[in-house]
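Only one structure is covered here, and it is reproduced in the block below.
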Amino acid sequence: MSDTRRVRLRAFAKLNLDLRVLGKRSDGYHELRTIFQTISLADSLDMAFTPGRKTTVELDDELAIPDNLVSRAAHLALDATRAAGRVEMRLTKRIPMGAGLGGGSSDAAAVLLALPVLAGRRLDLARLSELAQQLGSDVGFFLLGGRAVGIGRGTELFPLPDGPAQNALVVAPGVHVSTPQAYRDLSPRLTSESQQNKIFSFQSQVWGRGVESLPRNDFEEVVFPQHPSLAAVKKRLLRSGASEALMTGSGSALFGLYPDRNRISVALQSLGADRAFPVSFVTRPRYRRTWWRVLEEHITGRTWPPQSRYAR
Ligand code: C5P
């Protein structure tokens with residue numbers, strides 16, 4: 001009898017509902033203030049684990065991305081649990097890549113969350129967060145889901161209460177924006193004088209979104225001049241009835257928030273965009289339920305999601 005354990009995971013995308021870059025840090029990364037939010041657009045990841053003496057990781061990835069975060073996550077997770085075996089994965093991408101939607105990071109976090117469970121081992125949240133940080137600045141957020149403030153490199157996370165149900169339209173023009181380059185372009189513009197203002201207006205976004213200031217993504221000021229078509233998408237989203245429209249991450253995807261689904265259908269027609277995705281916000285309870293449903297049968301008497309040993 002084979003002792004292979006299988007799961008099909010959903011790896012949700014994220015939006016940055018607000019994103020301010022304060023300045024360059026001594027470690028080369030930039031100091032951020034951002035609000036992350038998971039959305040219903042998701043990749044699908046089939047994973048099978050068969051215990052064995054040696055670890056092998058096979059990834060059937062339709063796009064065959066070299067040095068894939070998913071494979072790296074699988075090696076890290078097994079090394080950390082001191083488990084070994086054969087990991088077979090098949091990734092079906094729906095989240096546009098290189099668009100600021102966190103697809104690769106979410107896939108990697110899905111592996112970190114699920115593989116220890118399939119291997120019958122336990123990694124606490126602090127250890128998982130360490131592994132996530134090795135993979136990328138956004139990976140840790142997907143251990144949490146829902147809505148959260150990210151500060152520092154983006155890896156210090158503070159859960160926020162979920163807002164009311166929200167529908168959005170994500171438009172992912174096929175424009176490639178290099179994240180390191182976007183940071184390099186933004187860096188010379190970051191002055192200590194503007195930092196305080198950014199912190200105050202970011203705080204007002206976190207406390208009561210939209211009450212005192214408009215949401216912002218600092219990358220727009222360097223990315224839009226290089227890709228005017230993206231600024232045009234933002235204008236079209238606003239003209240089609242979006243209450244807010246913003247780029248996510250360092251781009252190039254943008255999103256518009258709409259009061260209801262009907263408005264989104266109308267907006268879809270008027271935008272005529274072929275890379276447009278109607279989505280809803282995924283709250284933290286829904287995020288956790290989705291995980292619990294797929295992992296439940298493999299969890300034996302232990303708590304999940306993993307808790308931090310520091311949280312008492
Ligand atoms: O951490 P991640 O691999 O996602 O970051 C990609 C690149 O973006 C980094 O190599 C760095 O150049 C830049 N970055 C940054 N500050 C951050 C996050 C990312 O400068 N807070």
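Okay, here's what the table says:
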{"read-out": "Any strands (runs of 3 or more DSSP E) falling wholly within the range 88-190 and containing at least 2 residues that are surrounded by fewer than 20 Cβ atoms within 10 Å (Cβ to Cβ)", "value": "147-152, 156-160"}
{"read-out": "Residue in the range 44-55 that is over 27 Å from A276 (Cβ atoms) and within 16 Å of the ligand (Cβ to nearest atom) present", "value": "no"}
{"read-out": "Residues of the range 251-265 satisfying the condition of being assigned to a strand (DSSP E or B) and aliphatic (A, V, I, L, M)", "value": "L254, L257"}
{"read-out": "Complete set of residues in the range 19-38 that are near the ligand (Cβ under 9 Å from one of its atoms), among the basic types (K, R) and within 18 Å of the chain's Cα centre (by Cα)", "value": "none"}
{"read-out": "Residue among P159, P164 that alone is more than 16 Å from the ligand (Cβ to nearest atom) and in contact with a helix residue (DSSP H, G or I) (Cβ under 8 Å, 6 or more places away or on another chain)", "value": "P159"}
{"read-out": "Conditions (1) part of a helix (DSSP H, G or I); (2) under 30 Å from G174 (Cα atoms); (3) at pLDDT below 95; number of the one not met by R209", "value": "(1)"}
{"read-out": "Some residue of the range 67-75 being hydroxyl-bearing (S, T, Y) and under 21 Å from T283 (Cβ atoms)", "value": "no"}
{"read-out": "Leading residue by the ranking (nearest to the ligand (Cβ to nearest atom)) among those in the range 142-156 that are over 18 Å from N217 (Cβ atoms) and of a type in the set (A, V, I, L, M)", "value": "L143"}
{"read-out": "Residue identified as modelled with pLDDT of 95 or more, within 15 Å of the ligand (Cβ to nearest atom) and not assigned by TED's automatic domain parsing to the domain that holds P228 among V139, V87", "value": "V139"}
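Yes or no, residue by residue, for (1) of a type in the set (G, A, S); (2) free of Cβ contacts under 8 Å to residues at least 24 places away in the same chain; (3) not in a strand (DSSP E or B):
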site	(1), (2), (3)
G23	yes, no, no
G28	yes, yes, yes
T34	no, no, no
Q37	no, no, no
T50	no, no, no
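The values are calculated or read from the model by the stated rules, or taken from the named source; none is laboratory data. Model, not experiment: these values are computed from the prediction. Heads up, the Cβs are rebuilt from the backbone with ideal geometry, glycines too, and the neighbour counts pull from every protein chain shown.
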